[in-house]
Amino acid sequence: MPKTYTGLVSLLVPRPIHDQASYDNAVEIVHALAGIKLNRDQEDYLELMARIIEDYEREIIREPMPVKGVASLKFLLKENGLSADDLGSIIGRDRSIAYRILKGERSLTAEHIKKLSNRFAVSADLFLS
């Protein structure tokens, strides 16, 4: 890896990223620099390349829409191998209420959300629609 800023620039000129190939090249350089002890020129170059990559990612890679409410609950149940009957036990209600919650016919109460949050060790916000 070049030790001077000029040497690094000759390897890959810092420019705005417009395509996947340029992105891949920039990421490769950043990864290579991240694994070594850097001098001042290398640190400056790394900082600039990281900003360029962040700008591209912010533009191109959209944040996924947060999943909330019943969809989150269904995911947590599935990942933990739990059924609607188990949900009823967790929230302290009979299974008919649990099934209605999962079908969207009934909303989670504050008490349900508190119990679910504790059981799955997640923020209560996850269950708010």
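The values are calculated or read from the model by the stated rules, or taken from the named source; none is laboratory data. Just so you know, these numbers come straight off a predicted model, no measurement behind them. When we count neighbours, we look across all protein chains shown, and the Cβ atoms used for this are built from the backbone with ideal geometry, even at glycine. The accessibility values were calculated without ligands, DNA or RNA, using every heavy atom of the protein model including side chains. Shrake-Rupley method; radii C 1.70, N 1.55, O 1.52, S 1.80 Å.
Before moving on, here are some points about what is shown:
- Å² of accessible area per residue within the stretch 68-129, as computed with a 1.4 Å probe and no ligands counted: 61 Å²
- Dimensionless Rg ratio for the chain, taking C-alpha atoms and the 2.2 N^0.38 Å reference: 1.74
- Of all lysines in the structure, those lying under 30 Å Cα to Cα from K103, and not within fewer than 8 positions of it along the same chain, are K68, K74, K78, K114, K115.
- Counting heavy atoms of the protein chains alone, L126 has an accessible area of about 50 Å² for a 1.4 Å probe.
- Sorting M49, M1 by solvent-accessible area of protein heavy atoms yields M1, M49, largest first, with a 1.4 Å probe.
- Over all other residues within a Cβ to Cβ distance under 12 Å of S96, the charged ones net out to +2, with Lys and Arg as +1 and Asp and Glu as -1.
- Per-residue HN-Hα couplings for the stretch 6-18 [Karplus 6.51, -1.76, 1.60; θ = phi - 60°; Hz; x = Gly/Pro]: 4, x, 5, 5, 5, 6, 8, 5, x, 9, x, 8, 10
- Note on the stretch 9-129: dipole from Cβ charges, positive end direction compared against P16, G81, I101; the farthest Cα belongs to I101.
- Surface composition of the stretch 1-124: carbon and sulfur atoms hold 52% of the protein heavy-atom accessible area at a 1.4 Å probe.
- Label-to-label distance, nm, for residues given as R62 and V122 (7 Å Cα→Cβ offset): 2.2 nm
- The chain, dipole about Cα centre (Lys/Arg Cβ +1, Asp/Glu Cβ -1), debye to the nearest 20: 780 debye
- With θ taken as phi - 60° and the Karplus curve 6.51 cos²θ - 1.76 cosθ + 1.60 applied, the whole-hertz 3J(HN,Hα) list for the stretch 54-60 is 4, 4, 5, 5, 5, 6, 9 Hz, x standing for glycine and proline.
- 3J(HN,Hα) couplings calculated from phi for the stretch 107-114 with the Karplus curve 6.51 cos²θ - 1.76 cosθ + 1.60 (θ = phi - 60°) are, in sequence order, 8, 6, 8, 4, 5, 4, 4, 4 Hz; Gly and Pro show x.
- Here the chain is scanned for trypsin sites (Lys or Arg not before Pro) in DSSP loops (not H, G, I, E, B) that have at most 13 other Cβ atoms within 10 Å, and the longest stretch holding none of them is 69-129.
- Relative contact order for the chain: 21 percent, from Cα pairs under 8 Å spaced at least 6 residues apart, divided by residue count.
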